[in-house]
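Let me begin by presenting the structure, written as structure tokens, before commenting on it.
The values are calculated or read from the model by the stated rules, or taken from the named source; none is laboratory data. Because the structure is predicted, anything quoted here is derived from the model rather than measured. Cβ placement follows ideal geometry from the backbone for every residue including glycine, while neighbour counts extend to all protein chains displayed.
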Amino acid sequence: MTEPLRFEGIALPGHRSPVTLEVPEHRAMLVLGPEASGVDALPAYALALDRPVTGRVLVFGEDIARLPRHSALAFRRKVGYLPAGDGLIHNLSLQDNVALPLRYGSDLSEREITGRVRIMLTLLRIADAAARRPADATEEQRRRAALARALAFDPALVILADPFDGLTHRAAAEMLELARGGETGAGSRRTVFMTGQSAPQALEPRIEVRYRLVKGELQRLS
Amino acid sequence: MIAPVAKLGQGVARSIAWLGALARFFFETLVAARWLPRAGRRVAFRVLLKQVWFTALQALPIIIVLSSILSFLVISQATRELGRLGATELLGRLMVVAIVRELGPLITALAVAGRSGTAIAAELATNKVMGEVNALEGMGIDPLHYHVLPRFGAVILSVLGLIIVFDMTAIFSGMVAAGANGMTGERYFEIVLASLTFHDVWLTVAKALVFGVIVGTIPSFHGLAVHGSPTEIPVAASQAAVGSILAIFLCSGLFVLLLV
């Protein structure tokens, strides 16, 4: 079986020893590390937005970095991505930000897109702020909108960079539940890969696999 | 002795590298157009319309004012001076060559480069610094499709449209100036239209396209070339303005040398 995400012998910035990591299907995995420890490079490596000096990253068995540019872009649309901060387009409203990947990469009609966006915004509890631009929204609303955008295509794999930074425990828990996409017999419906400096303790039961980067080595946490 | 030569050589090498990077960016943008998804055209079209609104429609007042004043000044003085020499027929050629064909495209392109070129460079640089460009890539949206292609098309259309407005306004303003100096409107239009050839129209359209490509490419290139520091934003805007203005003047000179 092909893992949704596999880092093979990659060198993290500032560290010599290569790192290998498999993200199992239907699980949520979190890799913790201090700021600028190199952990924050993992999401960018996963989507081939940046390339490690050594090693490779496989997403559903495919090395995106080796694909031609247009194929790599099309492949990335199969993966949900929440960049650090939020990466929202500042001259679009929150609802237009959520609609953007659907408008760009799907053949859905405008009516279907509007309907789907409305559902996403309601699920993420930001329907009231839908018409606001990111600059007029709170940090939590922006993060929720960015997650809604990442989930727009209902991807099987979601990559979240620093998703809980600055959020309340309750908001973080809600975000994690929505990223997991509900439960199946095998675990969460989606595979979730997250990186960050810290995560609220209350989330530990909902994150099956956790690692911490210590002196360039990934240590699995119990 | 060697140091100034080395400095000069470094400057030339930097300019060549800049030209190479700019040419690569331009062709990458053209190639990227091939891979724009069908649904993505809708998104790009929306961005294009917004850019046309800002670059063309909101610039109309300044273009009309510039054109009216320039044409009024030139034609009122020319009517007087040429009238004294008994050569008022030359007024038509002066209007067509100096204003419609040369100054119209040049001043319009400079106005667009100064107004929209700097805005495009600053906007794209801000997007890059804020992580929007990286986020687009991560979502599988090509920033060339979302940011560059629509602006490229919008600037070409806007420059073309604004040059037409500039030239039409100049012709009508010239009529007022000629009228103030004793020439009838009929006579004015007769000599201006008699001087206008297909070559002049073709050259004006060609200039509009070339200047549009310049103002569509150079600001986007500088805007997306920043690395991530906010201090790079004003530098990108300034480089975009200087690069565009220089390229517009150079191309204007080349047009005169090669095609007139």
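Observations on the structure shown:
- Checking B:Ile171, B:Ile120 one by one, the residue that is more than 14 Å from B:Gly223 (Cβ to Cβ) and either more than 10 Å from chain A (Cβ to nearest Cβ) or of a type in the set (A, V, I, L, M, F, W, C) (or both) is B:Ile171 and no other.
- Being more than 14 Å from chain A (Cβ to nearest Cβ) and assigned to a loop (DSSP other than H, G, I, E, B) holds for only one residue in B:Ala113, B:Ala98, B:Ala109, B:Ala87, and it is B:Ala87.
- Filtered residues of the range B:67-87 (kept if surrounded by 19 or more Cβ atoms within 10 Å (Cβ to Cβ) and either of a type in the set (Ser, Thr, Tyr) or under 24 Å from the mean Cα position of the chain (by Cα) (or both)): B:Ser67, B:Leu70, B:Ser71, B:Val74, B:Thr79
- Residues within the range B:178-227 that are within 20 Å of the chain's Cα centre (by Cα), aromatic (Phe, Trp, Tyr) and surrounded by fewer than 21 Cβ atoms within 10 Å (Cβ to Cβ), tallied: 1
- Candidate set from the range A:181-193 (those that are assigned to a loop (DSSP other than H, G, I, E, B) and in contact (Cβ under 8 Å) with a residue 24 or more places away in the chain); member that is nearest to A:Val39 (Cα to Cα): A:Arg190
- Set side by side, the residues A:Leu147, A:Leu160, A:Leu167, A:Leu178 differ, and just one is in a loop (DSSP other than H, G, I, E, B) and either at pLDDT below 95 or surrounded by 22 or more Cβ atoms within 10 Å (Cβ to Cβ) (or both), which is A:Leu167.
- Residue match in the range B:228-250 (condition: over 26 Å from B:Ala121 (Cα atoms), surrounded by 14 or more Cβ atoms within 10 Å (Cβ to Cβ) and of a type outside the set (A, V, I, L, M, F, W, C)): no
- In summary, A:Lys215 fulfils each of the numbered conditions (1) in contact (Cβ under 8 Å) with a residue 40 or more places away in the chain; (2) closer than 16 Å to A:Leu32 by Cα with the single exception of condition (1).
- Residue selected from the range B:150-176 under the condition buried (at least 23 other Cβ atoms within 10 Å of the Cβ) and hydrophobic (A, V, I, L, M, F, W, C), by the criterion nearest to the chain's Cα centre (by Cα): B:Val159
- Residue check, B:Leu259 loosely packed, with under 13 Cβ neighbours inside 10 Å, in contact with a Leu (Cβ under 9 Å, 6 or more places away or on another chain) and over 19 Å from B:Ala17 (Cα atoms): yes
- On inspection, A:Leu12 passes the criterion of being of a type in the set (A, V, I, L, M, F, W, C), over 18 Å from the mean Cα position of the chain (by Cα) and on the phi < 0 side of the Ramachandran plot.
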